[in-house]
Amino acid sequence: MMKKVKGKSEKVKMKKVLFFLYLILLTSWGVFGETGGADRISADKIGLEQVRTLALANSRSLAKYNLAIQNSLLDERSRLYSNLPSLSLGASASIGLWDARTASPVNPFETFSSGANFRVSQKVFEGGKTLIQKAINQIATESARKDALAEYFNVLDTADSAYYAVLEAVAALEADEASLQTAEATLAIAEIRQASGMINRGDYLKALADKEGRVNSRNQSRRNLTLNITKLKAIIGLNEIPALEPIDFDGYEQLILRLGNITDEDADSIYEELWKLLAASNPSLAKASLANQRAEKNLSMAKRNYSPSLSASFSTGFNFAPEERAGWSGGSISLSASIPIDVWVIANNVEKSKLARNSAALDYTSTESNLETELYTALINALAQAGSILSSRRSLDYAEKHFEFVMERYRLSQSSMTELGDASSLLITSRNNLIRAQYGFLRSLSKLRSMEAIDNEERLTGILLGE
């Protein structure tokens with residue numbers, strides 16, 4: 001049974017990401033550089049769908065998988081051509097230089113001869129191996145398509161994660177900037193009180209240390225933002241990245257409330273629905289099934305080597321030679337058959353094919369088991385992240401009120417610097433927990449979408465809402 005995530009629904013309005021500040025900070029840090037070879041930021045915004053489209057277009061790995069599909073289709077065509085009649089044209093010419101009996105020279109023109117021939121050959125019977133090989137080639141093509149589909153959703157998942165990472169870094173930077181401003185205001189009060197002897201030097205030094213700690217945290221957030229922007233640039237293939245559109249978490253509110261307060265029975269029902277969809281559409285599971293089918297066909301192919309084979313051919317030609325030697329050489333039809341007698345070799349190959357089939361069956365079972373665990377983990381993570389959002393909201397609300405209370409007492413000299421520092425740390429932790437929970441929730445949805453091979457996010461949302 002799924003573990004129930006407890007908590008009553010309580011909607012606390014979260015501050016929106018200040019993208020204007022984001023643009024100013026990016027420019028001042030030199031992330032995009034200046035004119036003259038470096039990149040510059042655009043005033044336009046770019047959304048998640050545009051990032052996904054650019055990532056797909058820029059993915060070299062996805063392009064390689066598409067080439068593999070084309071190559072597999074060509075293999076299918078080659079096999080088809082090999083079953084058609086084989087046609088060939090030939091020509092020859094010769095002259096004599098001397099008489100073999102007398103060793104005397106001869107007139108080359110009198111001994112000149114040439115000819116042309118045409119030949120058609122066709123395999124008549126191979127014990128059914130032709131149809132089996134055709135099926136194997138088709139399975140190989142379908143397997144290549146599943147590889148490409150898996151990479152398609154992997155690219156989408158990577159693009160989503162990179163997009164969310166930038167927005168999360170922006171939100172973390174905003175929180176650090178707010179914390180730094182608070183620390184600076186606290187230090188200003190401490191400096192006045194220290195100068196008037198109202199606090200001891202230890203409290204003043206603590207205020208200084210707290211402020212410098214916030215500066216360091218702000219600088220780390222800047223670094224993280226720069227790194228995440230660099231990664232996103234590499235994924236979508238742009239030299240400059242416009243401002244990213246923020247995520248409207250209000251649009252996920254119904255889903256967050258549903259998953260954050262879900263019952264064990266509803267969670268099990270969602271898992272069953274997701275598993276049915278995964279079993280029907282997951283490319284990794286489909287590929288394992290195709291590998292199983294291919295192993296069965298290879299075993300059938302190995303057994304067909306016991307069968308005799310039969311082929312037929314027709315040939316005709318025309319000779320060009322002086323006098324009576326010129327003319328058609330006639331036509332002929334020939335049949336050839338072969339019966340294998342090295343049955344021990346064939347039997348050995350059959351046993352190897354059986355082992356390969358058994359191995360493919362084990363791989364399928366292992367893939368299915370791993371996907372069950374992976375799906376369960378992904379769903380549990382989504383439920384946990386939704387619950388974390390709800391609890392983090394309440395925690396942030398309480399932490400903000402507590403900080404305001406302690407700050408007011410600090411202004412009135414009724415609270416110590418230590419109490420204010422503890423309240424500030426609690427506020428920072430609560431903010432960061434909410435930020436991580438929100439974007440962790442979005443990543444968990446991307447993971448579920450990739451596993452289910454769903455292009456339409458609304459379909460996944462409908463399943464999670466039980467619709």
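The values are calculated or read from the model by the stated rules, or taken from the named source; none is laboratory data. Just so it is clear, the model here is predicted, and its values are computed rather than measured. FYI the Cβ positions are ideal-geometry reconstructions off the backbone, even for glycines, and counts take in every protein chain you see.
If you go through the range 78-90 and pick out every residue that is surrounded by 11 or more Cβ atoms within 10 Å (Cβ to Cβ) and either in a helix (DSSP H, G or I) or aliphatic (A, V, I, L, M) (or both), you end up with 3.
Within the range 414-430, restricting attention to residues that are surrounded by fewer than 15 Cβ atoms within 10 Å (Cβ to Cβ) and either basic (K, R) or under 16 Å from G202 (Cα atoms) (or both), the residue that is modelled with the lowest pLDDT is T418. Checking the range 344-354 against the condition returns no match, with no residue being modelled with pLDDT under 90, under 29 Å from G90 (Cβ atoms) and exposed (fewer than 15 other Cβ atoms within 10 Å of the Cβ). Can you find even one residue in the range 222-242 that is at pLDDT below 90 and either over 23 Å from the mean Cα position of the chain (by Cα) or within 30 Å of L362 (Cβ to Cβ) (or both)? Yes, the conditions are met somewhere in the range 222-242. Determine which member of the set V51, V31, V106 is within 30 Å of A243 (Cα to Cα) and at pLDDT below 85. The unique qualifying residue is V31. I229 falls short on exactly one of the conditions (1) surrounded by 14 or more Cβ atoms within 10 Å (Cβ to Cβ); (2) in contact with an Asp or Glu (Cβ under 8 Å, 6 or more places away or on another chain); (3) not charged (D, E, K, R), and that condition is (2).
Sort through S424, S430, S446 and tell me the only one that's within 25 Å of the chain's Cα centre (by Cα) and not charged (D, E, K, R). First the steps, then the outcome.
Values: S424 fails: within 25 Å of the chain's Cα centre (by Cα); S430 fails: within 25 Å of the chain's Cα centre (by Cα).
The unique qualifying residue is S446.
Among the residues examined, S114 qualifies as at pLDDT below 75 and either within 19 Å of S284 (Cα to Cα) or not aliphatic (A, V, I, L, M) (or both). Annotation note: Cβ proximity below 8 Å between a residue of the range 370-392 that is of a type in the set (D, E, K, R) and a residue that is part of a helix (DSSP H, G or I) and surrounded by 21 or more Cβ atoms within 10 Å (Cβ to Cβ) (sequence gap 6+ or interchain) occurs for E374/M451.
Taking the criterion of being more than 28 Å from the chain's Cα centre (by Cα) and either farther than 19 Å from S444 by Cα or among the hydroxyl-bearing types (S, T, Y) (or both), would at least one residue in the range 245-263 satisfy it? Scanning the range 245-263, I find at least one residue that is more than 28 Å from the chain's Cα centre (by Cα) and either farther than 19 Å from S444 by Cα or among the hydroxyl-bearing types (S, T, Y) (or both), so the answer is yes. Could you list, in sequence order, the residues of the range 187-201 that are without any contact (Cβ under 8 Å) to a residue 40 or more places away in the chain and among the small types (G, A, S)? Hits for the range 187-201 are A188, A195, S196, G197. Residues in the range 114-122: is at least one of a type in the set (S, T, N, Q) and touching a helix residue (DSSP H, G or I) at 6+ places or on another chain (Cβ under 8 Å)? The answer is no; no qualifying residue exists.
Taking the range 231-290 as the range and being polar (S, T, N, Q) and either under 23 Å from L434 (Cα atoms) or in a loop (DSSP other than H, G, I, E, B) (or both) as the test, the residues that pass are N239, Q254, N261, T263, N282.
Among residues of the range 305-316 that are more than 8 Å from S121 (Cα to Cα), those with a Cβ under 9 angstrom from a residue that is assigned to a strand (DSSP E or B) and basic (K, R), sequence gap 6+ or separate chain, pair up as S309/K123; L310/K123; S315/R119; T316/R119. With respect to R304, is the statement that it is modelled with pLDDT of 80 or more, within 29 Å of the chain's Cα centre (by Cα), surrounded by 14 or more Cβ atoms within 10 Å (Cβ to Cβ) and of a type in the set (D, E, K, R) true? No, not satisfied.
Consider the range 126-163 and keep the residues that are of a type in the set (S, T, Y) and under 17 Å from L56 (Cβ atoms). The one that is surrounded by the fewest Cβ atoms within 10 Å (Cβ to Cβ) is T158.
Scoring E467 on the criteria (1) part of a helix (DSSP H, G or I); (2) within 30 Å of S281 (Cα to Cα); (3) not β-branched (V, I, T) leaves a single failure, condition (1). Every residue in the range 404-440 that is without any contact (Cβ under 8 Å) to a residue 24 or more places away in the chain, under 22 Å from R218 (Cα atoms) and among the aromatic types (F, W, Y), please. Once the filter is applied, which keeps residues that are without any contact (Cβ under 8 Å) to a residue 24 or more places away in the chain, under 22 Å from R218 (Cα atoms) and among the aromatic types (F, W, Y), the range 404-440 yields nothing.
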